[in-house]
Ligand SMILES: [Zn+2]
């Protein structure tokens, strides 16, 4: 079967070239020069479409093993493929938690059985993600993309320092969910206009940026490669910007919902509930600025499905987390500084920086994640 896409922009190595893409039996035969293919199905996109390489998402929850009633490796990777992703990294808040080789093997076998795209797991930083004892990072290192206790912050500074030292010795990255439990006070949406107007308990911004500030200091001290998951506040952007300027080995991600929504958009509906929460308009603007100036390195979905029942208990009582794999790319590309402005930092084809680097084919941390993925596959 042959398929010819005429007059498309093709994204390769961070730049776009206009031309035709010719596909035969599911494989790309040629890109660029006008192609003639008498037997092909031809669609002329009239220079209104862009063809990307497969995207990579460094932050997804595939829910297996342990929570297959929410999602399975099979359904999660099918959703990713539909959204344009060919590689995802799976977070470790599972049952059992991948904190040692025996547990990680359970997850690796579920991935081998169910995944239709490349999946590389994270290993946990601490046993059971409990923050009290280091996981067996050394044994898991060849098989995992990085280490994370995503879903909760590592509360103890000394534990994080030890984890960073271990990660550095293993030449791995610490990917931190930053959240200071002592500042939560039972909050479940942003501590902003909506929470105040509707009598909800809010989550302050410092619960996120306070722990990022602590970790940046530790990463600088230890010399560990450090990545911050799903940043949502303006302060987080600024302190990461400053850390990068003084040479700390740090990267970070944000998620599409923080770029397109503010807490003024909230409704009494748990579709608007995730952790960290959707913040203020000022925070959203700062995140967009962070993408434009390169402080934010990548957009990750934090795809985190739950059952309908778990999401059906209203803002206060529902589980935190939203899906994103099938829908992330378009809204990410549409994030604008001003309501009627162009997409942020867009190139001549209207493609903003996160989508230009989202497939992870170039250098930097995205590229490193890809290289590690290839290496970890060699070990399987
Ligand atoms: Zn997450």
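Bear in mind that the values in this text are calculations on the coordinates, not laboratory data. It should be emphasised that the depicted structure is a prediction, and the values quoted were computed from it without experimental measurement. Quick reminder, even Gly has a Cβ in these numbers, built from the backbone with ideal geometry, and neighbours come from all protein chains shown.
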Exercise for the section: Over the chain, calculate the relative contact order: mean separation of alpha carbon pairs under 8 Å at least 6 apart, over the residue count, as a percent. Expected result: 14 percent
Practice task
With label points built 7 Å along Cα→Cβ from the Cα atoms of residue 24 and residue 48, find their separation and express it in nm.
Solution key: 3.1 nm
Practice task
Taking just the C-alpha trace of the range 177-324, give me its Rg and Dmax in Å.
Solution key: 15.2, 47
Completion exercise
Note: the range 105-213, point scatterers on Cα, Debye, no solvent; log10 I/I(0) at q = 0.11, 0.12, 0.16, 0.18 Å⁻¹ equals -0.46, -0.53, -0.79, -0.89
Handout entry: Per-peptide average of other Cβ atoms within 10 Å, ordering 178-185, 258-265 highest first
Key = 258-265, 178-185
Practice task
Could you state the angle between the C-alpha long axis of helix 206-222 and the longest principal axis of the C-alpha atoms of the chain, as a value from 0 to 90 degrees rounded to the nearest 10?
Solution key: 80 degrees
Fill in the blank from the handout: Hydrodynamic radius by Kirkwood for the range 2-44, inverse mean 1/r across distinct Cα pairs, in Å, is 10.4 Å
Handout entry: Stretch gain in nm, segment residue 117-residue 170, where the contour uses 0.36 nm per residue and the Cα spacing is subtracted
Key = 16.4 nm
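Which percent, to the nearest 5, of DSSP beta bridges fully inside the range 2-44 are antiparallel?
On the way: 14 of 18 bridges.
Antiparallel bridges make up about 80 percent of those DSSP assigns within the range 2-44.
With the cut-off at 1.5 for a/c, could you classify the range 269-315 from its C-alpha gyration tensor as rounded, prolate or oblate?
oblate
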Exercise for the section: Rank 126, 295, 327 by mean-square fluctuation in a GNM of the chain with C-alpha springs under 10 angstrom and give only the top-ranked residue. Expected result: 327
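If you restrict to DSSP beta bridges whose two residues both lie in the chain, what percentage is antiparallel, to the nearest 5?
Taking every DSSP beta bridge within the chain, about 35 percent pair in antiparallel fashion.
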Completion exercise
the range 245-283 and the range 1-62 have their Cα centres apart by a whole-number Å value of 32 Å
Practice task
Assuming 1.306 mPa s and 10 °C, estimate D for the chain with Stokes-Einstein, Rh taken as the Kirkwood radius over Cα pairs, in µm²/s.
Solution key: 74 µm²/s
Exercise for the section: Return the calculated 222 nm mean residue ellipticity for the chain, to the nearest 500 deg cm²/dmol, obtained by summing -39500 (n - 2.57) across DSSP H runs with n ≥ 4 and dividing by the residue count. Expected result: -9500 deg cm²/dmol
